[in-house]
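Read through the structure below, which is laid out as structure tokens, and then see the notes.
The values are calculated or read from the model by the stated rules, or taken from the named source; none is laboratory data. Given the structure is predicted, the values throughout are model-derived calculations rather than measurements. Methodologically, a virtual Cβ is constructed for each residue, glycine included, from the backbone with ideal geometry; neighbour enumeration extends over all protein chains shown.
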Amino acid sequence: MRLNPAMEMFWYLVCALAAPLCSARDDFFGSTRFPNEVPEYDLLHAIGVPFSNPKMQYFDEGLDGFPAYGLKPGSDIKSPYRLFMPEKLYAEFSLTATVRPANKDGGFLFSVVNPLETVVQLGVQLIPSGPGLTNISLLYTDANIYALSQTIASFVVPSFARKWSRFALRVTSDNVTLFLNCHEFDTVTVRRNPSELVFDSASTLYVGQAGPLIRGAFHGAFQELKLYGSPSQAEVQCINNFEEMGKGSGSDEIDIDNFLVDQEDGDLEGSGRFESIPPFPPPPPGMDVSLLQFDSSICKLE
């Protein structure tokens, strides 16, 4: 049985505070723990705690009062891709994100680049697309075939600069669907070559950028950034986070702008107003707090 989002965040914070060297490759946090469980890769685990560069990385307050990671341009979050991702990409998969850009400039939320750092093999990029609009793009490239990064799907959506927003990409064999704040926004037909992308063994995972040669650093905060080995998880993100919000409305229609959470009192420019981890909510209801004793076996130090 998978942990609900609140429980997962709670235990992640326990692990981050008690064992900063805990790796996302541990069975508790990464990949799968049960035979029928969907493979899950949390790319935010590439952001180590404590921060490697506190001037460019900071804690912020996310949705529901939970902590979020903030990055400024110049932060250099990178790692060998294999530490936090599968050796090759699944033929069908999902990407989920909860982000708040600090401005309208957009940027790469994450990228896996080839060893020469000239091609984005896999990535999600936000691009300004006219007044009040943002383009969410999925990049998918076989560096052995293409010399330039290939964008296989793009979606123009209302800008969510300085607003928290959740979105997910469902990638199947012949199409890509965007879910924006629990709304199935649009679907585009795609042709992927190859259908299962094999990363170069020396590829690098970047969070908040695409390396020193490819422009597009992201300035803003992350609360979720995950890859799943199943396309169905794009819909699950909405069910988990929003199933209670529409009850009693008397209408099945969802106004996207109403789900973009304004943060007028928040850290609009990413100043890093939290010098340490901000206060986080108590354990989920029903948990016996007396049992919360950290077990080092949860996080196997490598």
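Annotations for the structure displayed:
- Residue that is farthest from residue 127 (Cα to Cα) [pool: residues in segment 146-164 that are aromatic (Phe, Trp, Tyr) and in contact with a strand residue (DSSP E or B) (Cβ under 7 Å, 6 or more places away or on another chain)]: 164
- Filtered by the rule that a residue be more than 20 Å from residue 201 (Cβ to Cβ) and among the small types (Gly, Ala, Ser), segment 106-155 gives 106, 107, 129, 130, 132, 137, 153, 154.
- Selection count where residues are over 20 Å from the mean Cα position of the chain (by Cα) and either within 15 Å of residue 199 (Cα to Cα) or of a type in the set (Val, Ile, Thr) (or both), scope segment 116-151: 12
- Segment 85-97 - residue that is buried (at least 23 other Cβ atoms within 10 Å of the Cβ) and not aliphatic (A, V, I, L, M) and, of those, farthest from the chain's Cα centre (by Cα): 93
Matching residues to (1) more than 22 Å from residue 95 (Cα to Cα); (2) assigned to a helix (DSSP H, G or I); (3) touching a Lys or Arg at 6+ places or on another chain (Cβ under 9 Å); (4) at pLDDT 65 or above:
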site: 216; (1), (2), (3), (4): no, no, no, yes
site: 224; (1), (2), (3), (4): no, no, yes, yes
site: 239; (1), (2), (3), (4): no, yes, no, yes
site: 252; (1), (2), (3), (4): yes, no, no, no
site: 258; (1), (2), (3), (4): yes, yes, no, no
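- Remark: residue 153 falls outside the filter, which requires a residue to be at pLDDT 95 or above, within 23 Å of residue 62 (Cα to Cα) and of a type in the set (Gly, Ala, Ser).
- Verdict on residue 154 being surrounded by fewer than 21 Cβ atoms within 10 Å (Cβ to Cβ), in a strand (DSSP E or B) and in contact with a Ser or Thr (Cβ under 7 Å, 6 or more places away or on another chain): yes
- Residue count for segment 174-205, restricted to those that are of a type in the set (Ser, Thr, Tyr), surrounded by fewer than 16 Cβ atoms within 10 Å (Cβ to Cβ) and closer than 30 Å to residue 100 by Cβ: 1
- Selected residue (only one of 166, 192 is in a loop (DSSP other than H, G, I, E, B) and either closer than 24 Å to residue 217 by Cα or at pLDDT below 95 (or both)): 192
- Any hit, segment 104-127, residues being surrounded by fewer than 18 Cβ atoms within 10 Å (Cβ to Cβ), modelled with pLDDT under 95 and in a strand (DSSP E or B): no
- Considering the conditions (1) surrounded by 21 or more Cβ atoms within 10 Å (Cβ to Cβ); (2) at pLDDT below 95; (3) closer than 20 Å to residue 122 by Cα, residue 81 is excluded by exactly one of them, (2).
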